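Presented below is the structure to which this report refers.
The values are calculated or read from the model by the stated rules, or taken from the named source; none is laboratory data. Computed from a predicted structure; not experimentally measured. Every residue, glycine among them, receives a Cβ derived from its backbone with ideal geometry; neighbour counts consider all protein chains shown. Protein only, heavy atoms only, side chains kept; ligands, DNA and RNA dropped before computing areas. Shrake-Rupley method; radii C 1.70, N 1.55, O 1.52, S 1.80 Å.
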Amino acid sequence: MSRRFAHAVALGLVDAASVIVPAPHRDRFREEWRAELWHARDTYGGWRLVRTSIGAFADACLSRRLNPRKNAGRNTMLRRDVALAIRGFAKQPLWALVAVSTLAVAIGANTSIFSLVNAVLMRPLDYPDPERLVKISGWDLQTRVVQNLSPADFYDLAAASRTVESMGAHGWVGFFTVTGELEPERVGGTNVTAGFFETLGVKAAIGRLFTEEDDRDDAPPTVVLTHGFWQSQMGGRVGVVGESLYIDAVSHQILGVLPRTYSHPEPNPEREPALYRLYRFDRSDLLRDGRFIRAVGRLGAGHSLDEARAELESVAARLEETYPESNIHRGVHLESLKESIVGDARAGLLVLFGAVGAVLLIACVNLANLQLSHGAKRRHALAIHAALGAGRLRLIRALVTESFLLALAGAILGLLLAYGTRGFITARSIPRAGELTFDTWVFAFTFLVSSLTSLVFGLVPALSLSNQNLGGLVAERGTRGASARWGSRSVLITAEIAISVVLLVGAGLFLKSLTQLRSVAPGFRADRVLTMSVSLPLARYEEGEQIPFYEELYERLRSLPGLTSVGAINILPLTNNYSRDGFQIDDRPVARGENPSAEARSVSAGYFDAVGMPLLRGRLFDERDRAESPGVVIISEEMAETFWPNEDPMGKRITYNRGIPDELRLEFGGSGSREIVGIVGNVKHLGLDEGDIPMFYTPQPHQPSFHTMTLVMRTPLEPETVAGAVRAELARMDDQIPLYSIRPLDDVLDAAVASPRFRTIVVGLFAAVALGLALVGVYSVMRLVVSQREQEIGIRMALGARAGDVIGMLVGETMRPVVLGLLLGVIGALALGRFVASLLFGTAPSDPAVYVSVAIALGLAALIATLAPSLRAARIDPVRTLRPE
């Protein structure tokens, strides 16, 4: 920057600063600072002029010149400290920039993760009296696994309970086909009982919600819209209440619209409900065998969760005695509604919160080191202040004020950084992450963190620097006098390294766990496979018409160029849905209710080829397996090993009665009896981290058949090209049926590791930041030590010390706290390992390979950071060092 241009900028800043000076002192202020600028122009460069003008602005805002009548008292001293700090930053802009940037990253990371923790764990659910809400589920007393409830059990529990004042139930979140005035579209939706919204305490934003009157047999079908669907699809019209909406080809009357803040009490990473329909169960003939609903309850005033749990468990025990055929080993499970939503995410979030806390600690330690280094250069200025009468408390206050201003600037930039990353965080599959907001708690946390940070990294250097014999430093030359104690710096280096080890070990464990998880064979080949879903409305396609429609669709798709194989399944693997059904082994029947169970799927003939599942024995489904042909079934390898461990299951028969008309049902050997014709490989069902589970597959033309199927097509073509061709063929058959959930199978597989990948990325990023800060701290301390010991090193070399001796001495002194930090860090990581054990897959929290790798890598990095200043010290000229000034 040229001096003339810089002088013009500086004059402009001084004139701008003079505006805020009281009128009686404005002219004198302007004259004094203009004179100082003219002197600086002749003496210094362009940047010095600008920094001088910044000092003028600080004086105008905060110095005595603003109001001489208020010079006395603590406010005046505080203004003076702030003004001196700002002028000091102007003189050392690089130091201020490094400090503020470090704090911005550390505080921003803490604010970002805290905002997530606040939204997910701390903020109460957005329902009236949310602490009284509970989730009520079924419970397998043998396997200790949470299950769904049957409608009959739900109504019995609701009628018998005195501790739960109201209950409501909902089904799984699926898709509805919406037609009519709108373009055919598949949107998320679910069915609920009449008391569902009443139990939650939700009121309609427009219109009303379901009541018992809507549950009458002669009442018209009704629907409730979410606020988002009302805005996006219905134009936000107030008059929408009372209008009709065709859902699955059936006209539904719109009752009302839910509030904007409403969220479904059971988040689904695959879809969120946009529409709510009413369950209409026949109370005189409730299904007790079918378990497909979940319940929410509101505790009565004065009743606790434990009381409600004990009461409902006793009710479930009576139901088990009364209905042994259907309720054997069936209990009930209660937990708070909030815990049911966020419980699985708690451990991961606390790990992330601990990680960002560790980064903040390292940042504080690093800045304390830099403060010591920076303060050592200001020893003469501090000595002059002391000689003029400033006491130790006064010096400490001035140094802490600088730290607070740096932390405040870092907090402001950190808030902006955290706000900019909110999209990345809320896009993760974390329950309630979408509720993340920057509210009062987040701002209060940021202010508290910045204040504590300023004390942590400012107070220790302030105490150290102000405790030196400053009176004797005024006459010293250069920077070769006494320095802040090496002991303080070595402690800080040890702390930095130890915390870095803990973070790096955590990141290494998560990375190895993710690698192990990604290496798990899912049981199918996801490459070059495209999936999409089709659903036939039952009002237009009755049970007997669905199979011919799908068979014609498959035939049309096989004729499309580029599709090497086409198949379909009712539930795609790794899509957060399940269907565990009971069956009987025909030659080993057991009492009803005690029958074994396995995951059941309905597939088309080409499904196994399309997804690349291996056939181990027997045959796959083909054109022989028509609706009228004998029942057959294909089982997984795990099912064969579980139920026929010492015999050949081929040709054996199982009875699976789902979908069989009641009048044809038998316990075994009837219409639901099916021959095992093949054994295929195991496939992961809900997650890659689960063990192999028994599964069996029935041909789609056989019962049960499903109106919703997911198409699976193996093709080398682009997904957009294939989707367009499939959509065109489907429209030729029925233009009112939409195609939805279009995605490659690779994406499904990738989504299965979304949470551990997010955890690994975030912890790894924080560990990298911590490592960088620690190495900068080691380097900066070593560089300062070398600069302060030039005279000592020169004397040693003049007395015969070789360069290797000097390097060995400096490296040895610096690496001692590094080695101690490595040791303490390993001990700390081992102690904290049990907190992350539940988040690891195929990796022990004490995995020696991770610990050794981290220790070696961090030790070498610290050694390199130490060698650079040591090599510089070895090149010191003893003659120049010892020459008198």
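In table form, for the structure just shown:
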read-out: Selection from segment 834-848 of residues that are in contact (Cβ under 8 Å) with a residue 24 or more places away in the chain and either of a type in the set (A, V, I, L, M) or in a helix (DSSP H, G or I) (or both); value: Phe835, Val836, Ser838, Leu839, Leu840
read-out: Which listed residue is within 28 Å of Asp140 (Cα to Cα), in a loop (DSSP other than H, G, I, E, B) and free of Cβ contacts under 8 Å to residues at least 24 places away in the same chain, from Asn682, Asn595; value: Asn595
read-out: Residue in segment 209-225 that is most open to solvent (accessible area, probe 1.4 Å), counting only those that are out of contact with any helix residue (DSSP H, G or I) (no Cβ under 6 Å at 6 or more places or on another chain), touching a residue at least 12 places away in the same chain (Cβ under 8 Å) and in a loop (DSSP other than H, G, I, E, B); value: Asp217
read-out: Selected residue (only one of Thr760, Thr715, Thr698 is hydroxyl-bearing (Ser, Thr, Tyr), within 28 Å of the chain's Cα centre (by Cα), surrounded by 20 or more Cβ atoms within 10 Å (Cβ to Cβ) and at pLDDT 85 or above); value: Thr760
read-out: Residue selected from segment 507-548 under the condition among the basic types (Lys, Arg) and in a helix (DSSP H, G or I), by the criterion least open to solvent (accessible area, probe 1.4 Å); value: Lys512
read-out: Spans of strands (runs of 3 or more DSSP E) in segment 102-184 with at least 3 residues open to solvent by less than 50 Å² (accessible area, probe 1.4 Å) and touching a Pro at 6+ places or on another chain (Cβ under 9 Å); value: 174-179
read-out: Which listed residue is within 25 Å of Leu688 (Cα to Cα) and out of contact with any strand residue (DSSP E or B) (no Cβ under 6 Å at 6 or more places or on another chain), from Leu572, Leu553, Leu511, Leu538; value: Leu511
read-out: Positions within segment 601-648 being in a strand (DSSP E or B) and open to solvent by less than 30 Å² (accessible area, probe 1.4 Å), in sequence order; value: Arg601, Ser602, Val603, Val632, Val633, Ile634, Ile635, Ser636
read-out: Qualifying residue in segment 715-733 (condition: closer than 25 Å to Tyr550 by Cα, free of Cβ contacts under 8 Å to residues at least 24 places away in the same chain and hydrophobic (A, V, I, L, M, F, W, C)); value: yes
read-out: Condition check for Val356: open to solvent by less than 60 Å² (accessible area, probe 1.4 Å), modelled with pLDDT of 70 or more and touching a Leu at 6+ places or on another chain (Cβ under 8 Å); value: no
read-out: Some residue of segment 215-235 being in contact with a strand residue (DSSP E or B) (Cβ under 6 Å, 6 or more places away or on another chain) and among the acidic types (Asp, Glu); value: no
read-out: Residue ID - surrounded by the fewest Cβ atoms within 10 Å (Cβ to Cβ), chosen from residues in segment 558-576 that are outside any loop (DSSP other than H, G, I, E, B) and under 39 Å from the mean Cα position of the chain (by Cα); value: Ser565
read-out: Criterion violated by Ser671 - all others in (1) open to solvent by 60 Å² or more (accessible area, probe 1.4 Å); (2) at pLDDT 90 or above; (3) of a type in the set (Ser, Thr, Tyr) satisfied; value: (2)
read-out: Test set (1) of a type in the set (Val, Ile, Thr); (2) over 30 Å from the mean Cα position of the chain (by Cα); (3) within 26 Å of Asp289 (Cα to Cα); (4) surrounded by fewer than 20 Cβ atoms within 10 Å (Cβ to Cβ) - Ile206 fails condition number; value: (3)
